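Here the structure comes first, spelled out in structure tokens, and everything after it is commentary.
The values are calculated or read from the model by the stated rules, or taken from the named source; none is laboratory data. Fair warning: this is a prediction, and the values are worked out from it, not measured in the lab. With ideal geometry, Cβ positions are generated from the backbone for all residues, glycine too; neighbour counts draw on all protein chains shown. Only protein heavy atoms, including side chains, enter the accessible area calculation; ligands, DNA and RNA are left aside. Shrake-Rupley method; radii C 1.70, N 1.55, O 1.52, S 1.80 Å.
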Amino acid sequence: MGHSQADKAASHRRIVEITSARLRQDGLERPAIGELMREAGLTHGGFYRHFGSRGDLVDEAMVRALWDGARRIADEVGASRTGGGDPYAAMVAAYLSPEHRDDLASSCAVTTLGGDVARGSERTRAAYGNQVESYLRVLEGLLDDPVPAARRQRAVLTLAAMVGALTMARAVADPKLSGELLDRVGEALTEGAS
């Protein structure tokens, strides 16, 4: 019943990808190992060939979720630069879009998992902090203020406003209010910003 190293690596990636999406969608406490393994097409017993514990899987999946979010934003910024648009406005628009709000499984883990990460392991909290710093560096690079401290301040304000607006837009029951949160914050952030 030997699997090649490539098969094992592919299975490992699949488990992490599935868990990463499910954590963003369902939170840190769910789903169970057996459920994740079934979704990956593997047996519950095979779990320990890949991970020492559920905590190890959660840590790796959280890091993956954060990386996925960073890649998504980088793609948006890159596409805007290629198309001659304003990359800052493109980043804000993509982050505060109804599509990003509604697709929890592939959304930014900075918003979906913030509360869980605060109670997570040191590794997960460090990965979260690295992702926040990464977003801040991207934003600082997109702003034209000649004063570095002013760029940093605007980047912090922008990221905090986007994360807060998206979090609230997901939490409220009223679709009109949800849209208003995304639209008004997006407008405020992009008025004469870059």
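The table that follows gives values for the structure above.
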quantity	calculated
Filter result (assigned to a loop (DSSP other than H, G, I, E, B) and acidic (Asp, Glu)) within region 174-192	ASP174, GLU191
Members of region 147-156 found to be assigned to a helix (DSSP H, G or I) and over 19 Å from the mean Cα position of the chain (by Cα), listed by number	PRO148, ALA149, ALA150, ARG151, ARG152, GLN153, ARG154
Residue ID - least open to solvent (accessible area, probe 1.4 Å), chosen from residues in region 157-183 that are β-branched (Val, Ile, Thr) and more than 14 Å from the chain's Cα centre (by Cα)	THR158
Every residue from region 13-42 that is within 23 Å of the chain's Cα centre (by Cα) and open to solvent by 40 Å² or more (accessible area, probe 1.4 Å)	ARG13, ARG14, GLU17, GLN25, ASP26, GLU29, ARG30, ALA32, GLU35, GLU39
Failed condition for VAL77, given (1) closer than 24 Å to ALA160 by Cβ; (2) in contact with a Gly (Cβ under 8 Å, 6 or more places away or on another chain); (3) of a type in the set (Val, Ile, Thr)	(2)
Helices (runs of 4 or more DSSP H) enclosed by region 43-116 - at least 2 residues per element that are open to solvent by 10 Å² or more (accessible area, probe 1.4 Å), in contact (Cβ under 8 Å) with a residue 40 or more places away in the chain and over 30 Å from LEU177 (Cα atoms)	54-82
Residues (open to solvent by 30 Å² or more (accessible area, probe 1.4 Å) and touching a helix residue (DSSP H, G or I) at 6+ places or on another chain (Cβ under 7 Å)) located in region 121-141	SER121, ARG123, ARG125, TYR128, VAL132, SER134, VAL138, GLU140
